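Participant: Just passing along the structure, written as structure tokens.
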Amino acid sequence: MNNKVYSCKYLLGDIHGYWSVILNHVNSNVNNNACYIQVGDFGIGFGDIGEEISKLSILNDALKIKESDLYIIRGNHDNPIWFKSDQMGEANLSNIFFIPDYTVLNIDSENILFIGGAVSIDRNPRKRYKKEFDSWWEDEVVDFRFDKIKEFRNIDRLICHTCPDFCEPIRFSQLVYDYASGDSLLLEDLRSERQNMTKLVTELMENNKLKGFYYGHFHNSYRFYHNGCEFVGLNINQFISI
């Protein structure tokens with residue numbers, strides 16, 4: 001998957017299982033050989049695996065016709081098993097890639113680092129929601145590997161699901177407080193995660209000149225600059241071109 005060159009690149013925010021958002025874009029895109037990068041909460045792992053593979057095959061066929069690829073990172077609303085190397089080989093998807101955390105891909109002569117995961121504000125209700133397949137996974141959170149971050153060099157862009165605490169949103173929304181009323185550890189876990197993301201990004205920036213940082217998770221659009229790097233938050237179903 002390294003050293004790939006595309007005619008255009010698109011980033012896409014959370015879609016929560018509405019994979020038709022990508023399918024419609026691929027089918028209507030006048031450009032062949034496009035690169036799609038989805039920033040987590042793809043919505044994989046909430047249904048029967050056979051049905052999910054069948055739907056993914058339809059999307060894969062459309063991408064294949066257009067000579068395009070889709071890269072997906074792990075959100076908190078994704079089953080982490082899909083993002084572990086060789087775990088889901090039976091899916092046999094030629095143009096869809098579930099990217100393990102801390103993978104670096106060279107795309108259009110840029111090195112892109114991928115790190116997924118986040119704390120779910122709805123984790124307690126999902127823990128209680130019993131059905132034939134899982135709806136919450138303990139390892140949904142970011143796997144912070146600070147020693148590994150210190151090893152990276154020549155990284156141009158970083159794509160994560162959540163973001164540092166200096167990024168918007170700065171304050172918790174009322175929805176977060178509503179969930180926190182039934183989850184005594186939620187606010188502290190959220191604060192700790194954002195603080196650790198700040199530490200991770202700061203340490204990466206010490207040895208790398210980042211051009212861009214991209215995230216989803218918060219269901220809103222944000223854009224600002226910090227230390228010469230463009231930080232972009234994507235809304236639900238939002239495409240941007242880079």
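Participant: Trp82 versus (1) of a type in the set (A, V, I, L, M, F, W, C); (2) part of a strand (DSSP E or B); (3) surrounded by fewer than 21 Cβ atoms within 10 Å (Cβ to Cβ): which is the lone unmet condition?
Facilitator: Among (1) of a type in the set (A, V, I, L, M, F, W, C); (2) part of a strand (DSSP E or B); (3) surrounded by fewer than 21 Cβ atoms within 10 Å (Cβ to Cβ), the lone unmet condition for Trp82 is (2).
Participant: Within segment 188-242, track down each residue that is without any contact (Cβ under 8 Å) to a residue 40 or more places away in the chain and open to solvent by less than 20 Å² (accessible area, probe 1.4 Å).
Facilitator: Result: Cys229, single match.
Participant: Oh, and also: Within the group Leu187, Leu210, which residue is touching a Cys at 6+ places or on another chain (Cβ under 6 Å), farther than 25 Å from Ile81 by Cα and hydrophobic (A, V, I, L, M, F, W, C)?
Facilitator: Residue meeting the stated conditions: Leu210.
Participant: If you don't mind, another one. Identify, from the list Ile159, Ile155, Ile236, the residue that is over 17 Å from Leu12 (Cβ atoms) and of a type in the set (Val, Ile, Thr).
Facilitator: Ile155 is the lone residue from the list that is over 17 Å from Leu12 (Cβ atoms) and of a type in the set (Val, Ile, Thr).
Participant: On to the next question. Kindly state which helices (runs of 4 or more DSSP H) lie completely within segment 92-199 and contain at least 3 residues that are under 21 Å from the mean Cα position of the chain (by Cα).
Facilitator: Answer list for segment 92-199: 146-149.
Participant: Just one of Ser57, Ser68, Ser28, Ser20 is small (Gly, Ala, Ser) and open to solvent by 70 Å² or more (accessible area, probe 1.4 Å); which is it?
Facilitator: Exactly one of Ser57, Ser68, Ser28, Ser20 is small (Gly, Ala, Ser) and open to solvent by 70 Å² or more (accessible area, probe 1.4 Å), namely Ser28.
Participant: Out of all the residues in segment 41-62, which are under 18 Å from Tyr10 (Cβ atoms) and over 19 Å from the mean Cα position of the chain (by Cα)?
Facilitator: Of everything in segment 41-62, just one residue is under 18 Å from Tyr10 (Cβ atoms) and over 19 Å from the mean Cα position of the chain (by Cα), namely Ala62.
The values are calculated or read from the model by the stated rules, or taken from the named source; none is laboratory data. None of the values given here were measured: they were computed from a predicted structure. Backbone-built Cβ (ideal geometry, glycine too); neighbour counts: all protein chains shown. What goes into the accessible areas is simple: the full protein's heavy atoms, side chains included, and nothing from ligands, DNA or RNA. Shrake-Rupley method; radii C 1.70, N 1.55, O 1.52, S 1.80 Å.
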